Amino acid sequence: MNTRIKSLLHIVGGTLAFAGIVYVIIKLYAYSGQIDFSSFDHSTWLVAVFFAFLYGASNIMLALAWKNLLIYFGNSIHWRSAIRIYGQTQLAKYVPGNIMHLASRQTMGMASGIRALPLAKSSAWELGLIALTAVFFGVLVLPQFYSAVSQGIAVLGFLFTLIVVQLFIVQVFGSLIAKAVVWYTLFLLSSGLLFAVLLNLLTPESNLIHQPILVVCGAFVLAWLAGFITPGAPAGIGIREAVLTLLLKGLTSESELLLCIMLSRMITVTGDLIFFVYASVLSLNKQGNA
């Protein structure tokens, strides 16, 4: 690939990434107008900032899963390069259309010397694998709707499902795909747990403290999945909120739940921005060492 084409691909990928930054700023401003910040004390803000950094760090799991997929399709890549490309393009998911981050990753990946076909295959498999992994979290929500299913049975069912699926994947596709699924599971689990803990902190007087935190975690992941598979919804905005409200109805008051959902959105968007900054720093370090 000649220098002119590489430069053009960098420009296209960078433009899409910049568009993501613009939309992130717009969304953060919109969320700030929907939250009564006067109800938050200093400790709440400290927790929110801490959670944003945790969520930003959890995005590294997605980049490492993508790295495994690329290697599976015959294109070796260093973990730093995977994080750099993934992090710099991830913000484009907020651009309407819900595919701009994939297009940005494709162009930036090709500009970095990764072949087009493995890039395209890795994106397609990522969509399928992370959606499949999210489905398994539905087992954790069963106690919310079926009293016959105890919390312990739900957790055991969730773990059993993961183990069986992993054994199947190892036998059919190999360890690289299995490792990718592990990273997707950890990412979804960490994201759901962050939301569940945040909801507990914001609703200390509700019945939520008597419910298992994994039920809320499972509901969050299912809501994430609904937004993920909805065409044209940037980062699932609007869809996740509606599904989460439905799944957790009766567990806590709707006003408290909506407040937590909006704050959670601010945390995840800020976390994505933090991940972008980290990936950009890696990119600058690469250029400096060149």
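Coordinate-derived values only; no laboratory data. None of these values were measured; they are calculated from a predicted model. As a convention, Cβ positions derive from the backbone with ideal geometry for all residues, glycine included, and neighbour counts pool all protein chains shown.
Shape verdict for segment 71-138, please, from the Cα gyration tensor: rounded (a/c under 1.5), prolate (a/b greater than b/c) or oblate.
Working: a/c = 1.84, a/b = 1.28, b/c = 1.44.
Since a/c reaches 1.5 but b/c is at least a/b, the shape of segment 71-138 is classed as oblate.
Rank by packing, highest mean first: peptides 120-131, 178-189, with packing defined as the count of other Cβ atoms within 10 Å averaged across residues. Numbers along the way, then the final one.
Working: 120-131: 17.3, 178-189: 21.2.
Packing proxy ranking, top to bottom: 178-189, 120-131.
Once the piece of chain linking Val281 and His42 is laid out straight, how much longer is it, given 0.36 nm per residue of separation minus the C-alpha distance between them?
On the way: separation 239, 0.36 × 239 = 86.04 nm, distance 2.95 nm.
Computed gain between Val281 and His42 is 83.1 nm.
So for the pair His78, Ile163, with labels modelled 7 Å out along Cα→Cβ, what separation do we get in nm?
Here the modelled spin labels are 3.9 nm apart.
Along Cα→Cβ, 7 Å out, is where each label goes; now give me the distance between the ones at Leu127 and Val49 in nm to one decimal.
3.9
Between Ala148 and Val197, what is 0.36 nm times their sequence separation minus the Cα-Cα distance? Round to one decimal in nm. Don't skip to the end; give the middle numbers.
Numbers: separation 49, 0.36 × 49 = 17.64 nm, distance 2.56 nm.
Going from the current span to full extension adds 15.1 nm.
Which length gain, in nm to one decimal place, applies between Ala120 and Thr245 when the Cα-Cα distance is subtracted from 0.36 nm times their residue separation? Spell out each step's value before the answer.
On the way: separation 125, 0.36 × 125 = 45.00 nm, distance 3.48 nm.
Gain in length upon complete extension: 41.5 nm.
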